[in-house]
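So the structure is just underneath, and the comments pick up after that.
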Amino acid sequence: MPSKDLSNRAPWSLKIAAFGALIFLHFPLLIILLYAFTTEESSFRFPPPGLTTQWFGKLFERQDFWDALGLSLQVATIATSIAMLLGTLIALALYRTSFFGRDTITLLVILPIALPGIVTGIALRSAFSLIGIPFTTWTIIIGHATFCIVTVYNNVVARLRRTQHSQIEASMDLGASTWQTFRYIVLPNIATSLLAGGMLAFALSFDEVIVTTFTAGQQETLPIWIFSQLVRPRDRPVTNVAALFVIAVTFIPIIAAHYMTREASE
Amino acid sequence: MAAEQARSLPAPRPSLLRKISAWFYRHPNLSLMALLGVPMLWMVVVYLGSLSALLIQSFFRLDEFSGRVIREFGLRTYEQLFTAAHIDIMLRTTLMALAVTFTCALIAFPLAYYMARYASFRMKTILYLLVLLPLWSSYLVRVYTWKIILSQEGIISWFFDTFRIRFILDGILSIPGIGGTSLSFSFIGMFLVFVYIWLPYMIIPINAALERVPKSLIEASSDLGGRPGYTFRRVILPLAFPGVVAGSIFTFSLTLGDYIIPQVMGNSSPFIGITVFTYQGTAGNIPLAAAFTVVPVVIMVVYLLIARRLGAFDAL
Amino acid sequence: MSSQPSDRPIAVSLQAVSKLFGVVKALDNISLDIYDGEFFSMLGPSGSGKTTSLRLVAGFEQASSGRVLLYDKDVTGVPPFDRDVNTVFQDYALFPHMTIEQNVGYGLMIRKLPKPEITRRVGEMLEMVRLPGYQKRKPSQLSGGQRQRIALARALINHPRVLLLDEPLGALDLKLRQQMQIELKAIQREVGITFIFVTHDQEEALTMSDRMAVFSHGKIEQVGTPTEIYERPRTAFVAGFVGTTNILSGHVAERITESAAAFSIRPEKIRLVSPDAPNESKTTRVGGTIRDVIYLGMTTRYLIEIDGGGDLQVIAQNTETDSTAAQATRGQRVDAAWPTSAMRLLDVDNRESGA
C-alpha cells in the first residue's frame with residue numbers, strides 16, 4: 001500500500017498503539033545502557049544510586065571475557081565463510097532452473113532455522129557422540145555454518161533473480177567462458193548481497209547460544225560466557241557492560257547489511 | 001577489408017578451464033549437480049543425518065541401573081514419554097505458546113498496519129530498521145535485561161511504588177497459577193519476555209502481507225459505501241491474515257522449543273525446553289530427551305501444514 | 001525459396017531444424033541458407049520462431065533436431081563463447097558495473113589483447129558509432145539510442161563473421177529508429193560482414209534487407225528479396241503481414257475473377273473511378289459504395305463496400321484532395337479499379353492473414 005491514502009492522517013489510537021509497540025521494543029536496550037553505569041554491584045535497584053564507568057575497566061581485565069570474545073569472533077568468521085561458499089553454490093544452482101527437487105532443497109536449507117534451536121542442538125550433539133567426534137571449536141563451527149547458510153542463500157538468490165540474464169548471455173557471446181562470466185559479470189553483481197548475507201550470518205552466529213551450548217565442549221563463546229554470568233550474582237554490572245558490547249558489535253553489521261541491500265536494489 | 005581485419009584478431013586461447021566450461025555448458029543437468037554437490041552433502045550428511053540420529057535415539061532406551069543407553073529398538077521410551085507429568089509439561093508449554101502468539105499478533109498488528117498504510121517512504125525505512133535492530137541484537141542480552149527490569153528493585157517495581165499503585169502489582173502477582181513472588185520469577189514475567197523477544201518475528205510478516213494489499217481494493221470498498229471500520233474488518237483483515245499466520249509459525253515454534261527464558265524467568269515449573277535439556281544433560285537420558293524433542297517437531301509439522309493451507313507460505 | 005542462388009559462400013545454414021520447449025514447438029523443421037555479406041532479416045509476429053532461430057545461431061539454445069552450420073562447420077553443441085558470432089541484444093545488455101571502455105573492450109580483454117591495443121581499438125570503434133570520448137562514462141548515464149550504439153560497438157569490435165541483432169531498434173522512438181536504420185545499413189556496407197536482423201516491424205525489414213524470411217508459428221512462410229515478398233506474396237499470411245492488403249476469396253472472389261481461389265490486391269494499387277468512366281483494358285473493375293473515409297495527411301484511406309458483399313481498403317495519395325473533400329465522398333457510389341496483373345493468387349492455406 002502506498003504512503004498517501006484517502007485519509008492521510010492515522011487515527012490517534014493507531015498512532016499510540018504503533019509507537020507504543022516500538023517503545024516496548026526498544027526501552028530495554030536503553031535500560032541496559034543505563035545499568036552499565038550503575039554503582040551498585042549486586043542488585044538492580046532503580047533508579048540507580050550513582051553512575052560510574054569503573055565496570056568497563058573491570059570487564060577489560062577479565063581474561064575469560066577476552067577468551068570468550070576471541071572464540072566468538074573466530075567461530076563467526078569461519079562459519080560465515082563456509083556459509084557464504086555453500087549458500088552461493090546453492091543460490092547459483094537454484095535461481096533459474098525449476099527441477100523436480102527444487103522446493104525440497106529450499107525447505108532443507110530453511111529447516112535449521114525453522115526448527116527450534118534445541119532440536120538442532122540435540123540432534124547435532126547426539127550425532128557427534130554417536131560417531132565419536134569430540135566437542136571442539138570445530139563442532140561449534142559446523143553447527144553455526146549449518147543454520148547460517150540460509151541467510152546467505154536468501155540474499156544471494158534474491159539478487160540473482162533480479163539480474164538481467166541477458167548480461168550473462170552477452171558475456172558468453174563475447175567470448176567469455178562460464179567461469180570467466182562468473183568472475184567478471186556475476187560476482188560483481190552479487191558482491192553486495194553476498195556481503196550483506198555474510199554480515200547477517202556473522203551477527204547470527206555471534207549471538208547464538210542454544211545450538212552452541214550443545215555443540216561445545218569446554219569452550220565458551222561470548223553468549224555462553226554471558227549466560228554463565230547470568231546465573232552468578234557477582235559483578236552484575238560487568239555483565240551489563242559485556243551485554244552493551246555485544247549489542248554494539250551486532251548492530252554494526254546489521255545496519256551495514258541493510259544499507260548494502262538497499263543500494264543494490266535501487 | 002573485413003577478412004584481413006578478422007585475421008588480425010586472435011581467437012581466445014583455448015585452455016583446460018575453457019574446455020571444462022564448454023563441457024558443462026553442453027550438460028546443464030550435470031553442472032547443476034556439480035554446484036549442488038558439496039552443499040547438499042553437507043546438509044544431508046550433517047543436518048539430516050543428525051536429525052535421523054536423534055529420531056533413532058528416541059527408539060532406544062535408558063537402562064536405569066547402569067545408566068547406559070541400550071541400543072535396541074523399542075517403544076519403551078515413548079511409554080515413558082506419555083506420563084501424566086510429561087503431558088502436563090507439554091500442555092503448559094503449548095498453552096504458553098498460544099498465549100504468546102495471540103498477544104504478539106495483537107501488539108504487532110497496529111505497528112505493522114501503521115507502517116504499511118500511513119508511513120511515508122523515508123519513515124517506512126526507518127521504522128523497518130528499528131524493528132529489525134532488536135531482532136538481530138543479542139537474544140540473551142535482551143532476556144537478561146527483562147530480568148533486571150522486572151526484579152524487585154527494578155524499574156517496574158519502582159514505577160508502581162512511585163505512583164502508589166503497588167497494590168495493582170501485588171494483585172497481579174497473587175493470581176493463582178500465573179502469579180508468583182516477583183515478576184521476574186513468574187509465568188507472567190515469562191510471558192512478557194516471550195512476547196517481547198518474538199515480537200519482531202510477528203511484525204515483519206504482517207507488514208509484508210499488508211504491503212501487498214492493493215490500494216485499489218480499499219478505494220473500491222469505500223467507493224461502494226463501506227465505512228472505514230467495515231473496510232478494515234472485511235477487506236484488510238482477511239488479506240492480512242496469512243501474514244499473521246506466517247508470524248505465528250515463528251512465535252509458536254520458538255516458544256515451544258525455548259529453554260533459556262523459562263530457566264531464567266521461571267519458578268521451576270518445567271517446560272518442554274528445560275525438560276529436554278535436563279534429560280539429556282544431568283540425567284544422561286538421551287533417548288527420553290530425543291523422544292521429547294519429537295513432540296514439538298510433530299506439533300510444528302502439523303502447524304506448518306495448517307498454516308500452508310491458510311496461505312501463510314506466500315506471506316513469508 | 002524463390003531467390004537466386006548465389007556463388008557467395010553460405011554464412012549460416014539451418015538444416016531441418018526443430019526446437020521444442022517442453023511440448024511447445026517453437027521451430028518446426030525449418031531450413032534456411034544465409035549468404036556471406038548480406039543483410040538478412042527475419043520477420044514475424046511474436047512467438048513465430050524468429051528469435052528462437054537467432055538464438056540457435058548464437059548458441060544460446062540447442063536445436064532439438066537438425067543441424068546448424070556456420071561457414072560449413074557444424075556448430076551443434078558448441079557454446080556461444082566458442083562461436084565466431086556476436087549478438088546485439090534487445091535490451092542492449094550493457095554491463096552496468098563497467099565503464100563504456102570496459103564494456104566495448106570486453107571481448108578483447110577476454111582474448112588477452114595488450115592494454116594499449118584495446119584502448120586504441122575501442123577508440124576507433126567509438127568513432128565509428130559516432131560516440132567519441134565516451135570511454136569513461138557508465139551505461140546508466142547514456143540515453144537509449146546511445147546505449148544501442150555502444151552495444152553495437154561492443155559486438156563489432158570482435159570482428160565476428162556474423163552479427164546477430166535481436167530487435168535492436170524496438171525501444172527507440174520513430175525518428176531515432178529511422179535514423180538508426182540508415183546508420184546500421186551504412187555500417188554493414190562498410191564492414192562487409194553478414195547481418196542477421198530480427199524484427200516484427202515489416203516496414204523495417206523491407207527498408208533494410210537484402211533478403212528476408214517471414215516466420216509464422218515456427219515455420220518459414222517465404223524467403224526472398226523485399227520486392228519479391230511484397231509484390232509476390234505466396235501465402236495469405238505473408239500478404240497480410242507484410243504491408244496491408246485486401247484478401248478476397250470464396251463467393252466474393254468468384255464474382256470478380258470467376259474463381260473461388262483467394263487472391264490479394266494491395267490498397268495502393270486500387271484507383272477509385274466514377275461508375276460512368278469508360279472501361280480500360282487489362283483492368284479489373286468492381287462497383288461499390290464508400291463506407292468510411294480516414295484522412296491521413298499524405299494519403300486517405302477509403303473503405304469500400306462492394307456490391308454483393310465484401311470490403312476493399314483503398315489508399316489514395318492526396319494529390320488534389322484535402323480532408324474536407326475526402327470526407328464529402330462518404331456514401332458515394334464508386335468503382336474500384338486495378339490492373340489485373342496486380343492481383344496475386346495465394347497458396348491454398350488455412351493460415352490467418354494479418355490484414
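As a length-normalised measure over Cα pairs under 8 Å and 6 or more apart, the relative contact order of chain A settles at 30 percent. Each of the peptides A:57-67, A:169-179, B:101-111 was scored by the mean count of other Cβ atoms within 10 Å over its residues; in descending order, highest first, they stand as A:169-179, B:101-111, A:57-67. Rounded, prolate or oblate for segment C:157-308? Axes are the square roots of the Cα gyration tensor eigenvalues, ordered a ≥ b ≥ c, and the cut-off for rounded is a/c under 1.5. Prolate, because a/c is 1.5 or more and a/b exceeds b/c. A cut-off under 12 angstrom between Cβ atoms defines the neighbours of C:A58, and their net charge, with Lys, Arg +1 and Asp, Glu -1, is -4.
The long axis of helix C:174-191 is offset from the longest Cα principal axis of chain C by roughly 60 degrees. Taken about its Cα centre, segment A:9-135 carries a charge dipole of about 540 debye when Lys and Arg each add +1 at the Cβ and Asp and Glu each add -1 at the Cβ. Pairwise inverse Cα distances across chain C, averaged and inverted, put the Kirkwood hydrodynamic radius at 22.8 Å.
When the pairs C:K19/C:K73; C:K115/C:K138; C:K115/C:K185; B:K124/B:K215 are compared against a 24 Å limit on Cα-Cα distance, C:K115/C:K185 fall above it. Mind running the shape call on chain A? Use the C-alpha gyration tensor, a ≥ b ≥ c as the square roots of the eigenvalues: rounded below 1.5 for a/c, prolate if a/b tops b/c, oblate otherwise. Oblate shape, in that a/c is at least 1.5 and b/c is the bigger or equal ratio. When the inverse distances between all different Cα atoms of the protein assembly as shown are averaged and flipped, the Kirkwood radius reads 33.9 angstrom.
About the centre of its Cα atoms, segment B:51-114 shows a dipole size close to 100 debye [charges on the beta carbon of Lys, Arg (+1) and Asp, Glu (-1) only; nearest 20 debye]. For the protein assembly as shown, the residue among C:V68, A:F24, C:M212 whose Cα projects farthest onto the positive side of the dipole built from Cβ charges is A:F24. Stokes-Einstein diffusion for segment C:1-116 at 37 °C, viscosity 0.692 mPa s, with a Kirkwood radius from C-alpha pairs, works out to 203 µm²/s. Per atom type, chain A shows carbon and sulfur on 66% of its accessible surface, probed at 1.4 Å.
Heavy-atom accessible area, probed at 1.4 angstrom with all protein chains present, ranks B:W23, B:W158 as B:W23, B:W158, highest first.
Across segment C:1-118, C-alpha contacts under 8 Å between residues 6 or more apart give a mean separation that, scaled by the residue count, equals a relative contact order of 23 percent. Solvent-accessible area of C:K185, all protein chains in place: 30 Å² (probe radius 1.4 Å, heavy atoms, ligands and nucleic acids excluded). Take each residue of peptide A:187-196, count the partner chain Cβ atoms within 10 Å of its Cβ, and average: the result is 1. Other residues whose C-beta falls under 13 angstrom from the C-beta of B:A22 contribute a net charge of +3, scoring Lys and Arg +1 and Asp and Glu -1.
So, in Å, what gap is there between the alpha-carbon centers of segment B:85-143 and segment C:209-267? If you average the Cα positions of each part, the centres end up 68 Å apart.
Label sites at B:M123 and A:T106, each approximated as a point 7 angstrom past Cα along Cα to Cβ, lie 3.4 nm apart.
Surface listing: B:T77, A:T136 arranged by accessible area from highest to lowest gives A:T136, B:T77, probe 1.4 Å. In this calculation the C-beta distance from A:Q74 to A:H26 is compared with R0 = 30 Å, giving a FRET efficiency of 0.45.
Relative to the current alpha-carbon distance between C:Y295 and C:R8, full extension at 0.36 nm per residue lengthens the span by 98.7 nm.
For the set C:K50, C:K219, C:K136, B:K147, solvent exposure ranked by accessible area (probe 1.4 Å, protein chains only) runs largest to smallest as C:K136, C:K219, B:K147, C:K50.
When +1 charges are put on Lys and Arg Cβ atoms and -1 charges on Asp and Glu Cβ atoms, the dipole computed for the protein assembly as shown relative to its Cα centre reaches about 1280 debye. Hey, what D do you get for segment A:91-175 in µm²/s if you plug the Kirkwood alpha-carbon radius into Stokes-Einstein at 10 °C and 1.306 mPa s? Taking Rh from Cα pairs, D becomes 103 µm²/s.
Each Cα pair under 8 Å and six or more residues apart adds its sequence gap; the mean of these over the residue count of chain C is a relative contact order of 17 percent.
Here's the list of lysines a cross-link from C:K282 could span, going by alpha-carbon distance under 26 Å and ignoring same-chain residues fewer than 8 apart: C:K269. Where a ≥ b ≥ c are the square roots of the eigenvalues of the C-alpha gyration tensor, would you call chain B rounded, which needs a/c under 1.5, or, failing that, prolate if a/b is larger than b/c, or oblate? In terms of gyration-tensor shape, oblate.
For a straight C-alpha distance cut-off of 19 angstrom, the aspartates and glutamates reachable from C:K136 (same-chain residues fewer than eight places away being disregarded) are C:E101, C:E117, C:E124, C:E127. For a straight C-alpha distance cut-off of 24 angstrom, the lysines reachable from A:K58 (same-chain residues fewer than eight places away being disregarded) are B:K147. Comparing A:F182, A:F202, A:F19 in a Gaussian network model of chain A, where Cα atoms under 10 Å apart are tied by springs, the biggest mean-square fluctuation is seen for A:F19.
Output the antiparallel fraction of DSSP beta bridges having both residues in the protein assembly as shown, as a percent to the nearest 5. That works out to approximately 75 percent antiparallel.
Just want the answer: with Cβ charges of +1 for Lys and Arg and -1 for Asp and Glu, which residue in A:A36, A:I190, A:I82 is farthest toward the dipole's positive end in chain A? So the residue furthest toward the plus end is A:I190. I'd like the FRET efficiency for B:I20 and B:L310, computed as 1/(1 + (r/R0)^6) with the beta carbon distance as r and R0 of 56 Å, rounded to 0.05. Calculated value: 0.70. Toward the positive end of the charge dipole of chain C, with +1 on the Cβ of Lys and Arg and -1 on the Cβ of Asp and Glu, the farthest Cα among C:G192, C:S281, C:T329 is that of C:G192. How far, in degrees from 0 to 90, does helix C:144-156 lean away from the longest principal axis of the Cα atoms of chain C, to the nearest 10? Taking the Cα atoms of chain C, the angle to C:144-156 is about 60 degrees.
In this structure, C:K282 and C:A328 have a Cβ-Cβ separation that, at R0 = 30 Å, corresponds to a calculated FRET efficiency of about 0.45. Shielding value for A:208-215 is 3, the average number of Cβ atoms from other chains within 10 Å of each residue's Cβ.
The values are calculated or read from the model by the stated rules, or taken from the named source; none is laboratory data. Keep in mind that this is a model prediction, so the values were computed, not measured. Note: ideal-geometry Cβ built from the backbone for every residue, glycine included; neighbour counts use all protein chains shown. Accessible surface areas use protein heavy atoms only, side chains included; no ligands, DNA or RNA. Shrake-Rupley method; radii C 1.70, N 1.55, O 1.52, S 1.80 Å.
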